[in-house]
Amino acid sequence: MPGFVRTVVVSRLASGGRAMIFAGRALREIFRPPFEFQETARQVYELGWRSLPLIAAAGYAVGIVMSMHTRASLERFGAEALVPAVLALALVRETGPLVVGLLVSGRVGAGVGAELGAMKVTEQIDALEAVAVDSFKFLVVTRVVACMIAMPILTAVMNITGIIGGWTAESAVSGMPFETYFRTAFSLVQFTDYVPGTLKTMVFGFIIAVTASYLGVHTSGGTQGVGYAATRSVVTASILMIAANVVLVRLIFFIFPETAE
Amino acid sequence: MTEPPAAIRLDRVSKAFGSFRVLDDVSLRIPRGRATVVLGRSGTGKSVTLRHIVGLLQPDAGRVFVDDVEITALSPSALAEVRQRIGFLFQNAALFDSITVAENVAFPMRRHTTLSDGEVRARALEKLAAVGLARAAESMPGSLSGGMRKRAGLARAMALDPAILLVDEPSAGLDPVTSEEIDDLLVALKHQRGTTLVVVTHNIPSARRIADTMVFLHEGRVLASGTAADLERCEHELVRKFMQSEAGG
Ligand SMILES: Nc1ncnc2c1ncn2[C@@H]1O[C@H](COP(=O)(O)OP(=O)(O)OP(=O)(O)O)[C@@H](O)[C@H]1O
Ligand SMILES: [Mg+2]
């Protein structure tokens, strides 16, 4: 291996290792008192509540588009009646969690990466430490927990607005009443479809918040470094999340074999 | 006069960033209840020295003691307890920029005292008044001038009435009158509360007003220490030249 390649590989592995240690610490500290309830609540508001308009709007639009595609496909088999159920199943099992994950990676990844990055380069993180506050608990753990709380809720919102979007598209074509639509939509969705997808989003939330926090608190190089931290947070969080998704889907099929049927 | 016990001791501390040695085997003794001024040219490691005292930096070699506790060997939670007894004014003030000035000062009290919200507010305003910033209490840090930020940072450093106050260039960015008022405030803290002061400054008139002892850092070492008079008679020309300067910044 040429020397410079080795240097790059080694330094990548080393920073990957540091990130893993960081993630492990975050996981441990979630369960270790004292808990920062107030700051966590504030972060749920910042990261979760304030993502709602984005998620709701995206869910509605995704629902409309998915409904049109689903209808076009099912029409070939004369199975239009199944449109609501197929759409709901796809949303709940995969599309909802994944789209929410990507949207939150963008919004929260960039926000947290830039905010913590700016705090780092302006020495505000040192200032927290100097006033005897555990900056890891106060800044990182609160955001991780908030993200893990917000993700399943945002996903539920995405699913609901997606189904409403689906109904909008459907009623324009067939004039199906909302009640009928809603009932058929959930006729096929079972508990085992809903739970793993929801738990999965908590893992996404953990990955997104930990990635952005890690890159944020390790920012160096002034303003440019802050921009860099924000960009890298979005890119890295998205990639890690998509990769984790593959593993998680596999795992879910393993743990809940009935979902693979 | 007998020398009071040490509030802070650096025992053969060395610190390098990369290959650049900032502190090279520095030993330092800061007496309790006295004011020690740290002098030295820009970039000699004065701020780095202060950061070691609160454990924001770890020495590569050597030990740091605060009240005879070796802070370089403490667990994070034990270190946090020591930090509650130390106020720290950062060179760049490092205010929390998403909360108001008053909330910045209130922050340490909210974290570490059981005072009611009203008492915390009242004390925060009292600290701000002491640095002449009562009117800026509800401003956001971003809208303050450099000198105002510095004073807000000082108010936050004083929030828990710390036994030890570390101040990095209090008079930077201040007009001579305000600067003198801040010096008076620091001296008053020392006299009234017995606060141990460690003040980094480039402002020699201010250093003379504050200091019981002075420490002169140069190229990673303590080049001279003693009273102002001692430093004026120092064998090193650089130190004498420093002491002759009138204004500063
Ligand atoms: N975190 C750091 N990483 C790398 N180098 C650093 C770091 N902190 C300080 N240094 C270097 O250490 C040296 C001493 O810095 P320090 O801030 O202590 O200087 P100073 O004496 O406070 O100077 P000034 O009077 O200008 O504030 C400088 O050369 C600086 O570049
Ligand atoms: Mg400095």
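Considering each of B:Ala122, B:Ala155, B:Ala137, B:Ala129 in turn, give the residue that is at pLDDT 95 or above and within 14 Å of chain A (Cβ to nearest Cβ).
Values: B:Ala122 fails: within 14 Å of chain A (Cβ to nearest Cβ); B:Ala137 fails: within 14 Å of chain A (Cβ to nearest Cβ); B:Ala129 fails: within 14 Å of chain A (Cβ to nearest Cβ).
Within the list B:Ala122, B:Ala155, B:Ala137, B:Ala129, the selection yields B:Ala155.
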Under the condition of being facing another protein chain (nearest Cβ under 9 Å) and surrounded by fewer than 22 Cβ atoms within 10 Å (Cβ to Cβ), which residue from region B:86-117 is farthest from A:Leu116 (Cα to Cα)? B:His112
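Being within 30 Å of A:Phe178 (Cα to Cα) and touching a Ser or Thr at 6+ places or on another chain (Cβ under 6 Å) narrows it down to one of A:Gly113, A:Gly117, A:Gly101, A:Gly59, so name that one.
Selected residue: A:Gly59, the only one of A:Gly113, A:Gly117, A:Gly101, A:Gly59 that is within 30 Å of A:Phe178 (Cα to Cα) and touching a Ser or Thr at 6+ places or on another chain (Cβ under 6 Å).
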Flag for B:Arg12 being basic (Lys, Arg) and on the phi < 0 side of the Ramachandran plot: no
Between B:Val22, B:Val37, which is among the β-branched types (Val, Ile, Thr), closer than 21 Å to B:Ala94 by Cβ and touching a helix residue (DSSP H, G or I) at 6+ places or on another chain (Cβ under 7 Å)? B:Val22
Quick one: what pairs do we get from region A:119-148, first residue at the interface with another protein chain (Cβ under 7 Å from one of its Cβ atoms) and over 22 Å from A:Leu47 (Cβ atoms), second surrounded by fewer than 24 Cβ atoms within 10 Å (Cβ to Cβ) and polar (S, T, N, Q), C-beta under 7 Å, 6+ apart or different chains? A:Glu123/B:Asn92; A:Glu129/A:Ser135; A:Ala132/B:Gln84
Would you please name the residue that is nearest to ligand 1 (Cβ to nearest atom), looking only at residues in region B:17-32 that are modelled with pLDDT under 95 and assigned to a loop (DSSP other than H, G, I, E, B)? B:Gly18
Assess whether B:Ser179 counts as being more than 25 Å from B:Val120 (Cα to Cα), crowded, with 20+ Cβ neighbours inside 10 Å, under 13 Å from the mean Cα position of the chain (by Cα) and modelled with pLDDT under 95. no
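For A:Ser187, state whether it is touching a residue at least 40 places away in the same chain (Cβ under 8 Å) and surrounded by fewer than 21 Cβ atoms within 10 Å (Cβ to Cβ). Talk me through it step by step, then tell me what you get.
Values: touching a residue at least 40 places away in the same chain (Cβ under 8 Å): yes; surrounded by fewer than 21 Cβ atoms within 10 Å (Cβ to Cβ): yes.
Taking the combined requirement at face value, the residue satisfies it.
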Quick one: count up the residues across region B:161-176 that are within 13 Å of ligand 1 (Cβ to nearest atom), modelled with pLDDT of 95 or more and within 18 Å of B:Leu128 (Cβ to Cβ). 1
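The values are calculated or read from the model by the stated rules, or taken from the named source; none is laboratory data. These numbers were taken from a predicted model, which means no experiment stands behind them. Because the Cβ atoms are built from the backbone with ideal geometry, glycine has one as well, and the counts that use them run over all protein chains shown.
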